[in-house]
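Report on one structure; see the data block that follows.
The values are calculated or read from the model by the stated rules, or taken from the named source; none is laboratory data. What you are looking at is a predicted structure, and each value in this text was computed from that prediction instead of being measured. Cβ: placed from backbone, ideal geometry, glycine included. Neighbour counts: every protein chain shown. Remember, those area values only see protein heavy atoms, side chains included, never the ligands or the DNA or RNA. Shrake-Rupley method; radii C 1.70, N 1.55, O 1.52, S 1.80 Å.
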Amino acid sequence: MFEPVAHFGLYPFNTFGMDVEAAYFSSVRKEEELLELKNQDAYKQGIFVLGGGSNILFTKDVSAWVVRNEIKGIEKIKEDNAHVWLKVGAGEVWHLFVLYCVDNNYAGVENLSLIPGTVGAAPMQNIGAYGVEVKDVIESVRFFNIESGTFEEYNNEACQFGYRDSVFKRLLKGKVIITSVVFKLNKVPVYNTSYGNIQQELDAKGITELSIKAISDAVISIRSSKLPDPKVIGNAGSFFKNPEIPSSQYQQLKMKYPDMPGYKINETITKVPAGWLIEQCGWKGFRENDYGVHQHQALVLVNYSKARGAQIAALSERIMASVHDKFNIDLEREVQIV
Ligand SMILES: Cc1cc2nc3c(=O)[nH]c(=O)nc-3n(C[C@H](O)[C@H](O)[C@H](O)COP(=O)(O)OP(=O)(O)OC[C@H]3O[C@@H](n4cnc5c(N)ncnc54)[C@H](O)[C@@H]3O)c2cc1C
């Protein structure tokens, strides 16, 4: 039911496993229900939209009305010889949508297999992995404007996608509820195996003929072996973005730290892996009480059991300060602190 429930525990609804409470909570399953938002007393508390809770660190109880997006449905709305357009409900689980595409031989999202969370949150931070970003396959995003109470649609350009960034994370932050996304997928796949160890994984499996499923399976294997499963250890994936620094600064640092990896973005900007910087500062495997830095992935902060969000947020500050002191590089958080 859409009726808000007071004092609702959010523990099962965030992958960090933070035991906090929402002042009010509702699940929304149909777009029309959103038109009722303003009629409820809880609306005065403000609205916080929740998907799968896999990119959030709750540091305290949430005073807002938490609206969890559970709008489902996958609908083929258009098709030609080369492409298919799918309209997908924002509450669909992202990975199940990827598997649907794999099963139907629709290419474009296979490299994004096994990313936790919902379809509606994917445009939010322009999710990406293994050389692919979701912006490459998004045609448009439909959302409910909380203030005006109307539905709007943005095309790809209006979404202002960037690296882990979009208009929804900036100008429209907290102001809209994404209700569906239209994806333009390829019937004729263009495979991308150049990033990470996808090719290595395919070779190890003896796969010589590429397919959408082979790539998805390879990505699933790699991710399962490398990333901590939130069901076992609370986490929200990469806690920080990979910083983009002036190439001149990178060259100077490279003289001091010859092993420092860097990926040229353009003539003037180089991207540096945040995990490497954090590891160099000695944080990998750090543990204090119930929180720490994952022993195999310096980019992932973890809750071993009963850590509080404020403790993990404070740890992230300490990490940012030490990376700044050693490299004069400012890390930016990818996870939303609430
Ligand atoms: C183990 C692990 C691995 C991960 N790997 C990756 C990765 O490879 N690449 C990557 O990009 N991310 C990765 N992530 C981060 C996360 O999975 C993504 O950011 C995902 O898109 C978050 O989806 P969600 O539904 O859980 O969003 P939530 O965490 O619920 O919300 C995230 C933000 O989006 C807002 N939001 C959510 N849904 C909506 C909506 N319908 N309308 C408006 N606003 C909304 C929320 O208010 C919040 O600000 C990983 C996380 C984990 C735990």
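Counted by Cβ distance under 15 Å from Ala218, the other residues give a net charge of -1, where Lys and Arg count +1 and Asp and Glu count -1. Using only side-chain charges placed at the Cβ, +1 for Lys and Arg and -1 for Asp and Glu, the dipole size of the chain relative to its Cα centre rounds to 560 debye. Counted over the chain, the DSSP beta bridges are approximately 80% antiparallel.
First compute the accessible area of the chain with a 1.4 Å probe, then give the percent of it belonging to carbon and sulfur atoms.
Of the solvent-accessible surface of the chain, carbon and sulfur hold 48 percent.
When nucleic acids and ligands are ignored and a 1.4 Å probe is applied, Asp330 ends up with an accessible area of around 110 Å². Of Cys281, Cys101, the order by accessible heavy-atom surface (1.4 Å probe, DNA, RNA and ligands excluded), from most exposed downward, is Cys281, Cys101. Residues whose amide H lies under 5 Å from that of Ala22, counting only those 5 or more places away or on a different chain, are Phe8, Gly9, Leu10, Val62; hydrogens are built 1.01 Å from N in the peptide plane. Calculated from the alpha-carbon coordinates, region 42-146 shows an Rg and a Dmax of 15.2, 51 Å respectively. A Cβ-based charge dipole, computed about the Cα centre of region 5-69 with Lys and Arg at +1 and Asp and Glu at -1, lands at about 80 debye.
Accessible area per residue for the chain, computed on protein heavy atoms with a 1.4 Å probe, is 48 Å². Considering only His95, Gln160, Met124, and ranking their Cα positions along the charge dipole of region 65-163 that arises from unit charges at the beta-carbon of Lys, Arg, Asp and Glu, the one farthest toward the positive end is His95.
The listed residues Lys306, Lys231 rank as Lys231, Lys306 when sorted by accessible area, largest first, using a 1.4 Å probe. Compute the relative contact order of region 74-226 as a whole-number percentage, counting only Cα pairs closer than 8 Å that sit 6 or more residues apart in sequence. Once divided by the residue count of region 74-226, the mean separation gives 29 percent. Spacing of the modelled spin labels on Glu33 and Tyr191, each 7 Å from Cα toward Cβ, amounts to 4.2 nm. Pairs over the 20 Å Cα-Cα cut-off, from the set Lys241/Lys284; Lys30/Lys175; Lys184/Lys213; Lys226/Lys264; Lys169/Lys264: Lys226/Lys264; Lys169/Lys264. Mean separation of Cα pairs under 8 Å and 6 or more residues apart, divided by the residue count, gives the chain a relative contact order of 16 percent.
Legend: P(r) of the chain from all alpha carbon pair distances, 10 Å bins from 0, whole percents, reading 5, 23, 32, 27, 11, 2, 0.
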